[in-house]
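Notes follow once the structure below has been shown.
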Amino acid sequence: MSHPSSAPARPVLDTADSAVALVTTVRCDGPRWQRAVAEALTRETRERNDWPDGLMSLTVYVDGQEETVLVYTQWATRRRLTEALEGPESAAWRGDVDAVEGALQAQAIPFRHYRTVRGSAVSEPVPLPESFPVAFFDTADEDAARAWLDGLLASEERTEGEDRAYPGAVAAHLSISLDGTKVLSFSEWLSEEQAAAHIAAVWEPVLKELGGTGKLYRHFSTVFASNTDPRPR
């Protein structure tokens, strides 16, 4: 049995050790409830003595619109995620928030990582990112999702070049849902101001060229992050 680490750390979103990420978005009953929902979900995690086998990281984010909480969990295998979702404590991992005051609705979607592109303007060692623009896009199936993402990046490279020396850009992580019907763009930036300027200047024109902007873009910040501590207790 694995244990949440007492030393919180941001997840490595493109780690090869994670086979699947479960991304849960929780809609909240107005701005005054968003922080309360995030704290309730964080408290539930911190009070657990152990995690399900295969759970590698859990991170709670809040968006700048004060409407949504996002929970990002990474799992070592799909089987471990399936077992957790079918187990006696499945509500904690499925995004069941019926008992959390101020939470209206939750949607949990499993994704697998597809591609990552990194910015070249941030020098090593890279500071911890503080802004996480997130967007979901609908696709017909996995082949269509892969073709759309490849086309998206190719279009960006034609207009901006392959260097991606964007101020404040750490990385953009692109994932496809296991059923192929969703694409997730999850980026890491040093500040929301830099991310917002880049999205307006680069991504909105590229997305419009490809037929629409999808569900753009919520800027999230981190409330809680923890990775697995494998040491026995």
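The values are calculated or read from the model by the stated rules, or taken from the named source; none is laboratory data. Note that the coordinates shown come from a computational prediction; the quantities given were computed from them, not determined experimentally. Cβ atoms come from the backbone with ideal geometry, glycine included; neighbour counts cover every protein chain shown. Keep in mind that these areas ignore ligands, DNA and RNA; they rest on the heavy atoms of the full protein, side chains included. Shrake-Rupley method; radii C 1.70, N 1.55, O 1.52, S 1.80 Å.
Numbers at a glance
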| item | result |
| --- | --- |
| Residue check, residue 202 of a type in the set (A, V, I, L, M) and either over 24 Å from residue 122 (Cα atoms) or in contact with a strand residue (DSSP E or B) (Cβ under 7 Å, 6 or more places away or on another chain) (or both) | no |
| Region 24-40 residues that are in contact (Cβ under 8 Å) with a residue 40 or more places away in the chain and of a type in the set (D, E, K, R), paired with ones that are open to solvent by 80 Å² or more (accessible area, probe 1.4 Å) and part of a strand (DSSP E or B) (beta carbon under 9 Å, 6 or more apart) | 27/104; 27/105; 27/107; 29/104 |
| Test: residue 70 is assigned to a strand (DSSP E or B) and surrounded by 14 or more Cβ atoms within 10 Å (Cβ to Cβ) | yes |
| Complete set of residues in region 100-138 that are under 15 Å from residue 62 (Cα atoms) and open to solvent by less than 80 Å² (accessible area, probe 1.4 Å) | 102, 103, 106, 129, 131, 132, 133, 134, 135 |
| Members of region 182-233 that are part of a loop (DSSP other than H, G, I, E, B), aliphatic (A, V, I, L, M) and modelled with pLDDT of 85 or more | 190 |
| Counted residues, region 16-39 - those being surrounded by fewer than 19 Cβ atoms within 10 Å (Cβ to Cβ) and more than 21 Å from residue 82 (Cα to Cα) | 8 |
| Region 29-88: number of residues that are among the hydroxyl-bearing types (Ser, Thr, Tyr), out of contact with any Leu (no Cβ under 9 Å at 6 or more places or on another chain) and within 19 Å of residue 186 (Cα to Cα) | 2 |
